[in-house]
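Some notes on the structure that comes next.
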Amino acid sequence: MTATLIPTPTPTTAAMVPLVAGIRTAVERHVGWAETAELVAEELRLHMPTPDVLTPEQRLGSPDEYQGHTLYVEPDGSFSIVGLVWRPGQLTRIHDHVTWCTFGVIQGVEHEELFDADLNLVGESDNHVGDVSGFAPPGDIHRVHNTTGKTAISIHVYGTDVTRSGSSVRRYYD
Ligand SMILES: [Fe+2]
């Protein structure tokens, strides 16, 4: 993610409790990053939040850039849950990550492009509501773009405390 993270975690809603518990169980297995991302993806499919985990104001997004709202941080810093809101046309820079990441779309469509180390486009997909993907470095250089005319919202889970590091990004490539 490249948006400025709004630092104060939003109070965790009751609807998030099963998701948090499931992710915790997955992370506590202490398997490798790629496998953890897949285990967390299973939990996200089972317990996908609805857009109302964000406030109506948060769901509006910002005209300036896409917004990241920290929804939950595990007390030991082992994972964070962030809600990202993209108005039409908003996009990330090309970037990779410091840790595994799993995300699911809860409103609209997100267009994702995947690049190799020489920044050749090696894959792209349109992710719709209910679609969940998990990935882990290396090989996670990507860009996300809302190419539609409707605001898109996704839930991202990262294997770190994003409020401590400020971001999940390892490096920008543009
Ligand atoms: Fe990303």
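Sorting check: for 142-150, 37-45, which peptide has the highest mean count of neighbouring beta carbons within 10 Å, and how do the rest follow?
On the way: 142-150: 17.1, 37-45: 20.3.
Peptide ranking by packing, descending: 37-45, 142-150.
Once you have the Cα-Cα distance between residue 147 and residue 98, take 0.36 nm times their residue separation minus that, and quote the gain in nm to one decimal.
Stretched fully, the residue 147-residue 98 segment lengthens by 15.0 nm.
Which of rounded, prolate or oblate describes the stretch 76-174 when judged by the alpha-carbon gyration tensor and an a/c cut-off of 1.5? Cα axes put the stretch 76-174 in the oblate bin. With a cut-off of 13 Å on the backbone N, the residues of the stretch 146-174 near the modelled label site 7 Å out from residue 74 along Cα-Cβ are 157-162. The charge dipole of the chain, taken about the Cα centre with unit charges on the Cβ atoms of Lys, Arg (+1) and Asp, Glu (-1), comes to about 400 debye, rounded to the nearest 20.
Mean residue ellipticity, 222 nm, helices only, the chain: the sum of -39500 (n - 2.57) across DSSP H runs of n ≥ 4, divided by residue count and rounded to 500, is -5000 deg cm²/dmol. As a calculated quantity, the FRET efficiency between residue 122 and residue 25 at R0 = 41 Å, using C-beta atoms, amounts to about 0.80. Packing-based ranking of 163-170, 152-159 yields 152-159, 163-170, ordered from highest to lowest mean Cβ neighbour count within 10 Å. For the stretch 79-174, a simple Cβ point-charge model (Lys and Arg +1, Asp and Glu -1, everything else neutral) yields a dipole of about 420 debye relative to the Cα centre. Along the charge dipole of the chain, which of 114, 99, 83 sits closest to the positive end, that is, farthest toward it, with unit charges on the beta carbon of Lys, Arg, Asp and Glu (+1, +1, -1, -1)? Of the candidates, 83 comes out farthest on the positive side. Farthest toward the positive end of the dipole of the chain, out of 167, 15, 37, is the Cα of 15, where the dipole comes from beta carbon charges about the Cα centre.
Since every read-out is calculated from the coordinates, none of them should be taken as a lab result. Everything numeric here is computed off the predicted structure, so don't read it as measured data. FYI the Cβ positions are ideal-geometry reconstructions off the backbone, even for glycines, and counts take in every protein chain you see.
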